[in-house]
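To start, the structure under review is shown below, and the notes come after it.
The values are calculated or read from the model by the stated rules, or taken from the named source; none is laboratory data. Because the structure is predicted, anything quoted here is derived from the model rather than measured. Using ideal geometry, Cβ is built from the backbone for each residue, glycine included, and neighbour counts are taken over all protein chains shown. Keep in mind that these areas ignore ligands, DNA and RNA; they rest on the heavy atoms of the full protein, side chains included. Shrake-Rupley method; radii C 1.70, N 1.55, O 1.52, S 1.80 Å.
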Amino acid sequence: MSRRGPFKSAVPSNVVSPVRRCSRTACGRPAVATLTYVYADSTAVLGPLATYAEPHCYDLCAPHSERLTAPRGWEVVRLAVDTGPARPCGDDLEALANAVREAARPHQRAAEASRPTGREADPMEVARRGHLRVLRSPDS
């Protein structure tokens, strides 16, 4: 039996912040923007904080996002970043209500699934690939 006890952490393991932090080393400020690199175009894109953290993106705080520079020959594209607190707007709430109403109507989905697919279903539809449809121009 070892005389050493379990390792003690400087921060209790049950305390996890729900706020995403800046990806820069030794910076603990909350993230407000997400940085993504498009290597094929030599472009760094700095935009609003992504919905969820992705492995190849970097979350940055306000000071680090303002001071961001790119390597020589690269372009930095800055998309509008809203630094205010995110609040649901009327459109968001209406979209949520519509989604709940749609989910409550399973009999309509069954009727739509029984319809024939392809050109018989919609004369404007030319082709279908997965959930995407190619439509004929209304002029032709």
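When residues of region 22-31 are filtered for being closer than 9 Å to Asp59 by Cα and either touching a Pro at 6+ places or on another chain (Cβ under 8 Å) or open to solvent by less than 20 Å² (accessible area, probe 1.4 Å) (or both), how many remain?
2
Being among the acidic types (Asp, Glu), open to solvent by less than 40 Å² (accessible area, probe 1.4 Å) and within 18 Å of Gly73 (Cβ to Cβ) is the filter here, so list the residues in region 32-60 that pass it. Break it down stepwise before answering.
If we filter region 32-60 for residues that are among the acidic types (Asp, Glu), which is where we start, we get 41, 54, 59.
With open to solvent by less than 40 Å² (accessible area, probe 1.4 Å) added as a condition, the list becomes 59.
Of everything in region 32-60, nothing turns out to be among the acidic types (Asp, Glu), open to solvent by less than 40 Å² (accessible area, probe 1.4 Å) and within 18 Å of Gly73 (Cβ to Cβ).
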